[in-house]
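The structure under discussion appears below in the form of structure tokens.
Only the coordinates and a few stated rules stand behind these numbers; no lab work does. Keep in mind it's a predicted model, so treat the numbers as computed, not measured. Here Cβ is always computed from backbone atoms with ideal geometry, including for glycine, and neighbour counts include all displayed protein chains.
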Amino acid sequence: MDFTRRRFLSVAAAGAALPWVHVPAARATVHTQVLQTGVSRQQLVPANYPDTEVWSFNDTVPGPLLRVRQGDTLRVTLKNALPQATTVHWHGIRLPNAMDGVPHLTQAPVQQGGEFRYEFALPDAGTYWYHPHERSQEQVARGLYGALIVEEREPPVVDRDVTWVLSDWRLNRDATSVQDYDGNMMDMTHAGRIGNTVTINGRFTPIGGEFPVRAGERIRLRLVNAAAARIFKLQFDSHKPQVIALDGHPVAPHVVSEGVTLGPGMRADLMIDCMGRPGERFVVSDVFYPRELRVMEFVYGDTPLRAKPLDAPVALPPNPLSEPDVASAQRHEIVFQGGAMGRLREAEYNGARVSLQQLVREHGMAWTINGVARKGHVHERMLTLKRGGHYVFAMDNDTAWHHPIHIHGIAFRVISRNGKPTQYREWADTALMAPRERVEIAFVADNPGDWMFHCHILSHQSGGMMTAIRIV
Ligand code: C2O
Ligand code: CU
């Protein structure tokens, strides 16, 4: 058990049921937590460098790891001590619209010195995360994010349950500060603001990135990509992790030998049977970009735990999601355009036609969804969907860049890529689209409200690739 978990549980116990009072299993627990944003310092890089000024929840990056059980209620008081307004968005959680943490759309931004109370039940088990939705290209890049784990009522048997919050930073030369989070046109029109320093759980990884394991150990490894723009593709050397959940939701367990790919915002739960020998070391590397990065090293201790892999099922129980009927679903075509080396010539912005050059030079934007570039969180809804209706979004990435496309408030099935049915029809809240790729998703619009629909490369989002849909 790690420190943040222990601290969180004791706070939860103090705030809700007393530990010695018997709570019937059917009655859900209320977990209370304070999240205080502020400016703090953290040693991200090796100790021969100075520490870095970060923005954090409760003075740590990542923020506290929140751990609750499926069906429980989370009650979080946000206290804002940042020099600007903020909110907390609970990425992937199917919650009531008013708790979604989108400034102006679902709540007033929480000003410096202000507070807001979030309270919602957790309908789905899985790996989720939280981050601000106000100026997120800056606030997330400076360190405001944390993991939210919702445990199954009957979790699979493992020896250890471990969370890696992956992120990256663009640090200045002496690592004292985070650079450049605003207004770099080169980043905005290309792959987004990719950093120069990768961290796992807030620590620079290639140095001191040792992950001790034991032979025979079974680890559930939860990966969260909290980076503002960086895509990860992790390989585990000769280990063959089974993917058991994507974006929190169970998927038929399967081995991906070419690596686990996560766009910003996305999560994966892996089941890893550590079958190396005592003393052996295995490098975990990120191979998404041409320059391979070592992000961690599995280091086997001297005493094996068991000789053969654990003989226990790895599949997770399904979450209570409504199954979309693809045949009768209403279809919507959604085209993403813009950016460098794209075909976009002009766009609609604020009700006017503007050229791509004007969009970039005068408004600092470069991206559109169905021809419209949008800024901020309040604008005409792109679509109004009927509550309980079944929908297919046929999404077309008509750009030269990757885009992790995220929808709030619901989960969807990824049903096809470039016209070919996907093998696992995985549930997701964020779909990574490769350049020129066509992806179809299907879902039941069962959660009423106004929900953001945007690219999770945060400078693409602020650069126009954002809209909202309404479910009524
Ligand atoms: Cu993780 Cu709209 O965001
Ligand atoms: Cu994008």
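A few comments on the model shown:
- As a rough guide to protection, the peptides 426-437, 375-386 ranked by mean Cβ packing within 10 Å, highest first, stand as 426-437, 375-386.
- Each 5 Å bin from zero holds the following percent of Cα-Cα pairs in the range 283-376: 2, 9, 11, 8, 6, 8, 12, 12, 10, 7, 6, 4, 3, 1.
- Fraction of beta bridges assigned by DSSP in the chain that are antiparallel (%, nearest 5): 70
- Cα convex hull, the range 355-397: 93 Å³ per residue, rounded to a whole number.
- Counting every pair of alpha carbons in the range 285-442, the share spaced more than 21 Å apart comes to 62 percent.
- Global size of the range 362-429: 14.4, 44 Å for Rg and Dmax (C-alpha atoms, Rg to one decimal, Dmax whole).
- Oblate is the label for the range 33-177, because the ratio a/c of its alpha-carbon gyration tensor axes (a ≥ b ≥ c) is 1.5 or higher and a/b is not greater than b/c.
- The packing ranking of peptides 96-107, 306-317, highest mean first, is 96-107, 306-317, where packing means the average number of other beta carbon atoms within 10 angstrom of each residue.
- A protection proxy built from the mean count of other Cβ atoms within 10 Å ranks the segments 68-78, 40-50, most packed first, as 68-78, 40-50.
- Fraction of alpha-carbon pairs over 27 Å apart in the range 136-290 - percent: 27
- Debye, to nearest 20: dipole size of the range 172-308, +1 on Lys, Arg Cβ, -1 on Asp, Glu Cβ: 380
- Binned Cα-Cα distance frequencies in the chain - 20 Å width, integer %: 24, 60, 16, 0
- Straightening the chain between residue 357 and residue 48 buys 106.7 nm, computed as 0.36 nm per residue apart minus the Cα-Cα spacing.
- From phi via Karplus (6.51, -1.76, 1.60), per-residue ³J(HN,Hα) for the range 318-327 in Hz, x at Gly/Pro: x, 7, x, 9, 7, 7, x, 9, 5, 4
- DSSP bridge orientation in the range 322-377 - percent antiparallel, rounded to nearest 5: 80
- Proximal lysines relative to residue 308, as straight alpha-carbon distance under 26 Å, when same-chain residues fewer than 8 apart are discounted: 240
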